[in-house]
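Input: a single structure, listed below in structure tokens.
The values are calculated or read from the model by the stated rules, or taken from the named source; none is laboratory data. On a predicted model such as this, the values are computed, not experimentally measured, just so you know. Cβ sites come from the backbone with ideal geometry, for glycine too, and all protein chains shown count toward neighbours. For the accessible areas, the whole protein counts, side chains as well, though only heavy atoms, and no ligand, DNA or RNA atoms are used. Shrake-Rupley method; radii C 1.70, N 1.55, O 1.52, S 1.80 Å.
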Amino acid sequence: MEVFITGMGCVTPIGNNKHENLTSLTESKSGLKKPAIFQSKYASDFIFGEVDMDNTALLSLVDINGLTGLTRTDLLALMAFDEAINDAGLSREEVSSNKTAFISASTVGGMCLTNQLYDDSNLKSNTTEFLESYSGSAHAQQICKKYRIKGLVNVINTACSSSANAIAYGTRLIKAGRATRAVVGGVDSLSKYTVNGFNSLQILSNDKCTPFDENRKGLNLGEAAGYLVLEAANVVAKKNCYAKVAGYGNSNDAFHPSSMSDHAKGITIAINKALEAANISSADIDYINAHGTGTQNNDLIELTGFKTIFETIPPFSSTKSYIGHTLGAAGAVEAIYSVFSLIEGDFYPNLNFNTPIGDLNVLPITEVVHKKNVRYVMSNSYGFSGNCTSLIFEKA
Amino acid sequence: MFIKDILSISPQDTYNNHNYWYNVKTYIGNKLSCIEPSYDGIIKPSQLRRMGKALRMGIGCGLPLLDKHGKVDGIIIGTSEGGLEDCIKFLNQIVDYDEGTLTPTNFMQSTPNALSGHLALITGNTNYNITHVNKGLSFENALIDAQMLLQDGSANVLLVGSVEEISDYNYNIEQSANQYKKVECRSNELIHSNTEGTVCGEGAVMFVLSSQPENGSICIKDVDAITFPEESELLDLCKNMLRRNGIVTNDIDGVIVGLNGDIRTDHWYTNFISSLFSDQTIYTYKNLVGEYPTSASFAVKLAHDILKNNMICPEIIFKNSNRAQKNILIYNHFKGVQHSLILISDINSSNESL
């Protein structure tokens, strides 16, 4: 059973909807800057990818329909989810059909409310509004409540590859006949939890991140939500299909909790599995939307993986140079950007790149590359604890 | 899919002990904490000191199974919160030290996928690796994931399991949300306590699941779930599951239900039983291990032990029947929101396939 992408929705530092994101990518417009909304001691030290709306502005755009205890994570998720199902033209009945699955992902969840959580978990507060809001799965339950979702619901946390695995899981549910549709994706918002965590690992950059550059200083944390509607070939009918999910590969690098193995074991296994599932060879890949965080370790090892797999490395770039590393949302948002590349035939340039890494002599694209007849695009996502996932999208 | 092996750490003495039901422990109060093994020879003392409870319990169950059964085709974990104690320790440091310079240990261990990552790292397993975190359906999704991999031939043997720990912090949050009892309760009186709230449990259960039956294998035949259902939708979910497995309600011999002594939500179970399973044996298990989001994994272990080892202790019998036990259905819900059904069969007693 072939699985098609029929709807997409996203809210990111470069746009509050799908269309704005496409425009920013086309114009090479970055959303990385000092944050205006996010509160942290480190807000002025580092560069972030922040969604350009505070919670009041988000609340005015989202029909919350009686939901309570909503966090920023929930609001971003609700916004992108709504855009995706509307984009796919799904009726409310179709969304709540028991054959429609909902597979989400998040690493921060409601922990964006760090101080509130501190008070509640240490019994220093009387409020109860957010007691059910902290989990990584809380946003999914809010969406289930609002849209009366009755199909299978799941949330995945494989750190920074979470929503790439959500896309793969939704695809497999459809292929296995457990669902005919799946809304898949992920969300994360900026939080003191992740800023302090990544800072303790000393991998945050005080400049705009420079993926694949010799002088890269680390990553910029970002926030976003992205959802895609997947539908089985037999229910798509005459709908406009953006792309097919052609392949997916999952591997664990089994090397270190927070860094990748020198030989890029997990990366190469995940890519090879995805190629095998898509039944294509590495030469068929037209473009790679790389993981490309901008850390010393990731970028070097990802390129090592590319050199192992590809005889000629296809054009590649990291769109984290536009929005930062959006963690649990990254796989989904970058999947949407990959689909843009398939539809538009445009590969979006890697911003802020100057110097190739060491003697690898591998360069990302730094100008918009237009190609006719783009057929296959690959998207990579790698997370802490060794989780590596590659996805391949095919022109519908 | 077939259960090849199980190892569990729970508030009962289940670790490497097939006779735990001869001596069911009773707890007083709201916390049922695990009886942990020494981990000697499993986890190095230097590593053990730094490990949070969820991580060490998960490794303590997972690693011996991986050593015993060789390289598995994937490691699939379901956990609602993972190492929550580490997580909130890290959050407390953020607030207490006003975002000072922090060490990454708590941060790294707090990510829910730390367990699946550690198990892969220690055993050098580069195969499929994932962590499902949808609260009360985390373990069910781990099972569904495993079933899809085994059925489509992309795996033959998998490590599938769950872990959850009681931390002071999540206990405080849940207590503030009125999840736990306000009056002291003995665990052997939990099911009939007739008051609001339940008691907090924890545990790790790891399974080696195989696509191939062995002599005496117990089969996990099907898993399904629904969120925020109406009662009729739950009954339909059950009827559909039985139908697609070619059986009717009368083929079910026993039902393990998640009764947890909370009068606000136990009606789901009693209505379910009276609607569909009025003359089956009914079992409970939360009087043994307490309530937690991935407790259904303990129910699967229990079903296995009933079917394979003929384990029947009075503590787990809610309502008896004379029926020989071949097919057991597990019905559990978490807070009346997330509901799941798991169908388990003894393949020696019937002609069953995957």
Could you name every residue in segment A:158-198 that has 50 Å² or more less accessible surface in the full protein assembly than in its own chain alone (probe 1.4 Å, ligands and nucleic acids excluded)?
A:Tyr169, A:Arg172, A:Arg178, A:Tyr193, A:Asn196
What translational diffusion coefficient, to the nearest whole µm²/s, does chain A have by Stokes-Einstein, given a Kirkwood radius computed over alpha-carbon pairs, a temperature of 25 °C and 0.890 mPa s viscosity?
120 µm²/s
Cα-based Debye curve of segment B:1-135 sampled at q = 0.09, 0.15, 0.19 Å⁻¹ gives log₁₀ I(q)/I(0) of -0.32, -0.85, -1.24
Non-local amide H neighbours of B:Ile256 (under 5 Å, H modeled in plane, Pro and chain starts lacking H): which ones?
B:Tyr283, B:Leu329, B:Ile330, B:Tyr331
Checking the a/c ratio against 1.5 first, then a/b against b/c, what shape does the Cα gyration tensor give for segment A:247-395?
rounded
Theoretical gain in end-to-end length, B:Thr249 to B:Leu48 [0.36 nm per residue, Cα-Cα removed]
67.6 nm
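Can you give the relative contact order of chain B as a percent, counting alpha carbon pairs under 8 Å and 6+ residues apart? Please list the in-between numbers first.
Numbers: 753 pairs, mean separation 81.4, N = 354.
Reported relative contact order: 23 percent.
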Tell me, what is the per residue accessible area of the protein assembly as shown in Å², probe radius 1.4 Å?
33 Å²
Selection from B:Leu235, B:Thr249, B:Gln325, by position along the positive dipole direction of segment B:177-325 (Cβ)
B:Gln325
Between B:Asn23 and A:Glu20, what is the label-to-label distance in nm when each label sits 7 Å out along the Cα-to-Cβ direction?
6.5 nm
Using a 1.4 Å probe on the protein heavy atoms, what percent of the accessible area of the protein assembly as shown belongs to carbon and sulfur?
45 percent
May I ask you to evaluate 6.51 cos²θ - 1.76 cosθ + 1.60, the Karplus curve with θ = phi - 60°, for each residue of segment A:379-390 and list the ³J(HN,Hα) values in order in whole Hz, giving x for glycine and proline?
10, 10, 9, 10, x, 3, 6, x, 6, 10, 9, 10
Of the listed pairs A:Lys124/A:Lys145; A:Lys99/A:Lys175; B:Lys221/B:Lys335; B:Lys89/B:Lys181; B:Lys4/B:Lys326, those with alpha carbons more than 21 Å apart are A:Lys124/A:Lys145; B:Lys221/B:Lys335; B:Lys89/B:Lys181
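What size of dipole, in debye to the nearest 20, comes out for the protein assembly as shown about its Cα centre when the only charges are +1 on Lys and Arg C-beta atoms and -1 on Asp and Glu C-beta atoms? Numbers along the way, then the final one.
Numbers: 59 positive and 78 negative charges, 149 e Å.
So the dipole magnitude of the protein assembly as shown works out to roughly 720 debye.
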With springs connecting C-alpha atoms under 10 Å apart, model chain B as a Gaussian network and identify which of B:Pro37, B:Pro104, B:Pro64 has the largest mean-square fluctuation.
B:Pro104
Using Cα pairs under 8 angstrom and six or more residues apart, how large is the relative contact order of chain A, in percent?
23 percent
Taking chain B as a Gaussian network, Cα atoms linked when under 10 Å apart, which of B:Tyr171, B:Tyr283, B:Tyr292 shows the biggest mean-square fluctuation?
B:Tyr171
Can you give the accessible area buried between chains A and B, summed over both chains, with a 1.4 Å probe, in Å² to the nearest 100?
5200 Å²
Return the lysines within reach of B:Lys44: Cα separation strictly under 17 angstrom, same-chain partners fewer than 8 residues apart disregarded; answer none if there are no such residues.
B:Lys53
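In peptide A:132-141, what is the residue-averaged number of other protein chain Cβ atoms found within 10 Å of each Cβ?
Numbers: counts 7, 1, 8, 9, 9, 11, 1, 0, 5, 8.
Per-residue shielding by partner chains comes out at 6.
How much of the DSSP beta bridge set in segment B:2-210 is antiparallel, as a percent to the nearest 5? Walk me through the intermediate numbers first.
Details: 16 of 27 bridges.
Just about 60 percent of them are antiparallel.
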When ranked by the protection proxy of mean other Cβ atoms within 10 Å per residue, highest first, what sequence do the peptides B:114-121, B:326-333, B:337-344 form?
B:114-121, B:326-333, B:337-344
Residues whose placed amide H lies under 5 Å from that of A:Ala105, excluding near-sequence neighbours:
A:Ile156, A:Gly185, A:Gly186, A:Val187
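Would you mind telling me the antiparallel percentage of the DSSP bridges in chain B, rounded to 5? All intermediate terms of the calculation are to be shown ahead of the outcome.
Numbers: 37 of 58 bridges.
Just about 65 percent of them are antiparallel.
Let me know the charge dipole size of chain A about its Cα centre in debye, to the nearest 20, where only the beta-carbon of Lys, Arg (+1) and Asp, Glu (-1) is charged. Spell out each step's value before the answer.
Values: 32 positive and 38 negative charges, 167 e Å.
The calculation lands at about 800 debye.
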Among B:Thr126, B:Gly216, B:Ile306, flag the residue with its Cα farthest along the positive direction of the charge dipole of the protein assembly as shown, charges on Cβ as +1 for Lys/Arg and -1 for Asp/Glu.
B:Gly216
Rounded to the nearest Å, the spacing of the alpha-carbon centers of segment B:104-137 and segment B:304-321 is 33 Å
Segment A:256-312 and segment A:41-63: distance between their alpha carbon centers, rounded to Å:
32 Å
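Could you work out the Kirkwood radius for chain B, taking every pair of different alpha carbons, averaging 1/r and inverting it, reported in Å? Mind showing how you got there, number by number?
Values: mean 1/r = 0.0489 Å⁻¹.
20.5 Å is the Kirkwood radius here.
So what is the 222 nm mean residue ellipticity for chain A from helices alone, if each DSSP H run of at least 4 adds -39500 (n - 2.57) and you divide by all residues, rounding to the nearest 500 deg cm²/dmol?
-9500 deg cm²/dmol
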So, R0 is 22 Å and r is the distance between the beta-carbons of B:Asn271 and A:Glu129; what FRET efficiency does that work out to, to 0.05?
0.10
Computed [θ] at 222 nm, deg cm²/dmol, chain B (DSSP H ≥ 4; -39,500 (n - 2.57); rounded to nearest 500):
-10000 deg cm²/dmol
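Mind checking the dipole of chain B: about its Cα centre, +1 per Lys or Arg Cβ, -1 per Asp or Glu Cβ, Debye to the nearest 20?
Numbers: 27 positive and 40 negative charges, 120 e Å.
Dipole magnitude for chain B comes out near 580 debye.
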Using only atoms on other chains, find how many Cβ atoms lie within 10 Å of each Cβ of peptide B:150-158 and report the average.
1
Cα pairs beyond 30 Å in segment A:3-236, in percent, come to 26 percent
For segment A:136-189 and segment B:13-89, distance of Cα centres in Å
28 Å
Where a Cα-Cα gap under 27 Å defines reach, which lysines qualify for A:Lys371, not counting those fewer than 8 residues away within the same chain?
A:Lys18, A:Lys29, A:Lys238, A:Lys239, A:Lys244, A:Lys273, A:Lys307, A:Lys320, A:Lys395
By DSSP, what percent of the beta bridges with both residues in the protein assembly as shown are antiparallel, rounded to the nearest 5?
65 percent
In sequence order, what are the phi-derived ³J(HN,Hα) couplings for segment B:34-49 according to the Karplus relation 6.51 cos²θ - 1.76 cosθ + 1.60 with θ = phi - 60°, rounded to whole Hz, with x for glycine and proline?
5, 8, 8, x, 6, 6, 4, x, 10, 10, 4, x, 5, 6, 4, 4
Principal axis lengths of the protein assembly as shown from Cα atoms, whole Å, largest first?
75, 54, 53
Using each residue's phi in segment B:115-126, evaluate 6.51 cos²θ - 1.76 cosθ + 1.60 at θ = phi - 60° and report the 3J(HN,Hα) Karplus result to the nearest Hz, with x for Gly and Pro.
5, 4, x, 4, 4, 5, 5, 5, 9, x, 9, 9
Taking 0.36 nm per residue of separation and subtracting the Cα-Cα distance, what length does fully extending A:Ala36 through A:Glu344 add?
107.6 nm
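Given the alpha-carbon gyration tensor of segment A:147-219, what are the semi-axes of its equivalent ellipsoid in whole angstrom, ordered largest first, with each equal to the square root of 5 times an eigenvalue?
Working: eigenvalues 239, 44, 17 Å².
Largest first, segment A:147-219 gives 35, 15, 9 Å.
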In nm, give the distance between the simple-model label positions of B:Asn16 and A:Asn115, each being 7 Å from the Cα along the Cα-to-Cβ direction.
5.0 nm
Which peptide among A:275-281, A:156-162 comes first, and what is the full order, when sorted by highest mean count of other Cβ atoms within 10 Å?
A:156-162, A:275-281
